[in-house]
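Data first, discussion second: the structure below is written as structure tokens.
Bear in mind these aren't lab numbers, they're just calculated from the coordinates by the rules spelled out. Model, not experiment: these values are computed from the prediction. Using ideal geometry, Cβ is built from the backbone for each residue, glycine included, and neighbour counts are taken over all protein chains shown.
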Protein chains: 2
Amino acid sequence: MSISEIAKHLNVSKSTVSLVINGKAEKSRISKVLTKRVLDYIEEIGYKPNALAKSLATGKSRTIGLIVENIGDSFFGPIALYIEEYLRKYEYQVLYSSTMGNNKLAAEIIQTMIDKQVDGLILAPTDHIEKEVKRIVDSNTPIVLFDRKILGIDANYVGTNNYEASTTAIQHLLEQGYRNIGMVTINSQQPQMQDRLQAYLTTLDQHSLKPHVCLTSFSEKKEHGWKEIREWLDKNTHLDALYFSTNYLCVMGIKALQNLQNERQLAFITFDDHEIFELVQPPVSCIRQPLEKIAKSIVHMLVTQLTAKEKCIAEDIIPSELQIRKSSL
Amino acid sequence: MSISEIAKHLNVSKSTVSLVINGKAEKSRISKVLTKRVLDYIEEIGYKPNALAKSLATGKSRTIGLIVENIGDSFFGPIALYIEEYLRKYEYQVLYSSTMGNNKLAAEIIQTMIDKQVDGLILAPTDHIEKEVKRIVDSNTPIVLFDRKILGIDANYVGTNNYEASTTAIQHLLEQGYRNIGMVTINSQQPQMQDRLQAYLTTLDQHSLKPHVCLTSFSEKKEHGWKEIREWLDKNTHLDALYFSTNYLCVMGIKALQNLQNERQLAFITFDDHEIFELVQPPVSCIRQPLEKIAKSIVHMLVTQLTAKEKCIAEDIIPSELQIRKSSL
DNA sequence: TTGAAAGCGCTAACAC
DNA sequence: GTGTTAGCGCTTTCAA
């Protein structure tokens, strides 16, 4: 049932019906009685407007594209939930996609979403996605980057204080008396990973300590990544503490630690919390990103763009907090 | 840049351009040379069709609505990822929403998705959503239910063998010699939860054993649900084993077990695996649903509906597997 | 081989 | 106060 059929049935024009439906009856000085007649009929037949047609006419789809690395992941999943909830308050729905770190796929996804006329985009960039992002930014489509910043592109960004938080974590390990601190991270140029690494290197250097870095290859994340870590640990028997640059590496690390040749105990701390970190033995100390705050900031920034006349670029760095549990004591 | 501007620039008609773009040039016997001229120009200006307009004209949006309880959860998150990946193979994108178990919200979400003309719906039903689902089914919009079945509605469904798998799990505990087996579940009428409960009750009855059920209230899931379990455990000191009806209850249960008054050891097993269950001590035995298979089946069923002339209802029960780790030995 | 024209369902400027 | 009309960008039938 469409607006013109309603109009025909009621012997009024399409625009009258449209105005009533959109609550502009008063404003357009349509008589109360006619308004009611329209409303009643709409109610009666359970008319629902076709949002697609509306979007085509208005140029607004009330849909936001959310592109993350992996929606099933313990960082992006929860953040997607919060983003969705906040966006709902502004009556936006979410079209989502996971890139699995594949930048070719990411570019494709971005294009499809643009084709579908999303009103805005929220993106956790993959490596080598600069060109596409630049195009979006230049085309004035509202976009908010999060988790990973893209250097050299002037876009909205929400992230955390990777460097400072990492420094605090390393200092905490030092305060506990550990002196042979190793770091497990992935081989990536992503700025947030570089920040975490630099914080480690710099802090150790300030204490004249020697760094030991295990660079795992991202591709092995799922399968037997933990073996890579175990081998590295077996080669570095003098280490007494570890810093993991992200929670899934820590998850693999825990597995590696449980499978060491000799029963050494190492202290450790990781970036990013995980539902399970308070359940394992020992409970895992971590640097916790405030997911809900991050989501809130992202949505706020996007909605600002969406409603603003002129474009303004913002950056919001939301500090993470050290969550000390037993693994680092 | 739109199709008519291209047509104007090239001095051809809109339809010619449209036909070329959609690869129907041959079929419509448009000359190779004209075809090439159009293609070249499109390439040159980087023309991208407006998917919204296309959808309005064709009645197909190539978008599927996915409605789950919580996208950030360790069951729905990963399954959403698989669903998305399989749907991509058929060139569908996903509009998602989390209901958080709120049926009013769920109804709203369903309506918004329908308004946006999704081609099909994948739904993990909340309680009391029967009416809405019935409406969808009656309206012939392709829909696939999963995880929870709705009794009395003839809709496509993909799930697992809750009853049989649960029985196997309980029998496993019995074989290990446990005789005082309690069950922790949520207070819900959802069929899959009822099946899991019935399997427990029946199996115990067959062995003339007395059941002990801890019915937690779902609303407390997030906060201090584990305290509810601990109190129940403190009151039931004779229990020597536990069966959890779902993984997040088990997560809470682990926390409860770690905080018992006296250091009792209970064996336990749970429905649904979790990334962390092999990392905690003891590693957790579970009934594992084959998530990828489930996702694949859902998508296959949906795509079948989408392309079928006549509608056919299917049901696919994918068996879960017992994954024995140490917690139940 | 190609183009004109109607239509998908809705909005909004403007005329009556 | 209410209706007319011209789009939004694309598809598709039918005529030329």
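Observations
- Prolate/oblate/rounded label for the stretch A:71-151 (Cα gyration tensor, a/c 1.5): oblate
- Reach of B:Lys235 by Cα under 28 Å, taken over lysines that are not fewer than 8 positions away in the same chain: B:Lys210, B:Lys221, B:Lys222, B:Lys227, B:Lys255, B:Lys326
- One way to sum up the overall shape of the stretch B:3-58 is the equivalent ellipsoid from its Cα gyration tensor, whose semi-axes run 17, 14, 10 Å, largest first.
- Dipole size of chain B about its Cα centre, with +1 on Lys/Arg Cβ and -1 on Asp/Glu Cβ: approximately 1280 debye, rounded to the nearest 20.
- D by Stokes-Einstein for the protein assembly as shown, Kirkwood Rh over Cα pairs, 4 °C, 1.567 mPa s: 47 µm²/s.
- Here the simple spin-label model places points 7 Å from the Cα toward Cβ, and for B:Tyr41 and B:Asn102 these points are separated by 5.1 nm.
- Shortest-first nm distances, A:Lys36 label point to equivalent points in other copies (7 Å, Cα→Cβ): 7.0
- Relative contact order of chain A, pairs being alpha-carbon contacts under 8 Å that are 6 or more residues apart, as %: 16 percent
- Here is how far apart the A:Lys104 label points are across copies: 4.9 nm, shortest first, using a point 7 Å from Cα toward Cβ.
- As a size descriptor, the averaged projected area of the C-alpha convex hull of chain A was calculated at 20.5 nm².
- Distances between placed amide hydrogens fall under 5 Å for B:Ala267 paired with B:Ala241, B:Leu242, all partners being 5 or more residues away or on another chain.
- Around B:Glu275: net Lys/Arg minus Asp/Glu count, Cβ-Cβ under 10 Å: -4
- Computed lengthening from A:Ser15 to A:Ser2, 0.36 nm per intervening residue step minus Cα-Cα distance: 3.4 nm
- Restricting the stretch B:230-329 to trypsin sites (Lys or Arg not before Pro) in coil, as DSSP defines it, with at most 15 other Cβ within 10 Å: B:Arg264, B:Lys309, B:Lys311, B:Lys326
- Dipole of the stretch A:82-232 [Lys/Arg +1, Asp/Glu -1 at C-beta], most positive-end residue of A:Val184, A:Leu209, A:Gly120: A:Leu209
- Between the beta carbons of A:Glu321 and B:Leu322, assuming R0 = 45 Å, the FRET efficiency works out to 0.65 to the nearest 0.05.
- The local environment of B:Ile42, defined by Cβ-Cβ distances under 13 Å, has a net charge of -1 under the rule Lys, Arg +1 and Asp, Glu -1.
- Pairs from the table (B:Lys149/B:Lys293; A:Lys60/A:Lys149; A:Lys104/B:Lys60; A:Lys116/B:Lys134) lying more than 20 angstrom apart at Cα are A:Lys60/A:Lys149; A:Lys104/B:Lys60; A:Lys116/B:Lys134.
- Across the identical copies, how the B:Ile317 labels are spaced - nm, sorted shortest first, 7 Å along Cα→Cβ: 5.8
- Inter-label distance for B:His238 and B:Ile313, nm, one decimal - labels placed 7 Å from Cα along Cα-to-Cβ: 4.6 nm
- Pairs of Lys residues in the stretch A:3-58, spaced 8 or more positions apart or belonging to different chains, with C-alpha separations under 22 angstrom: 19 in total.
- Label zone at A:Arg264 (point 7 Å along Cα-to-Cβ), backbone N below 11 Å, the stretch A:170-209: A:180-182
- Helix-derived mean residue ellipticity, 222 nm - over chain A, DSSP H n ≥ 4, -39500 (n - 2.57), to 500: -13500 deg cm²/dmol
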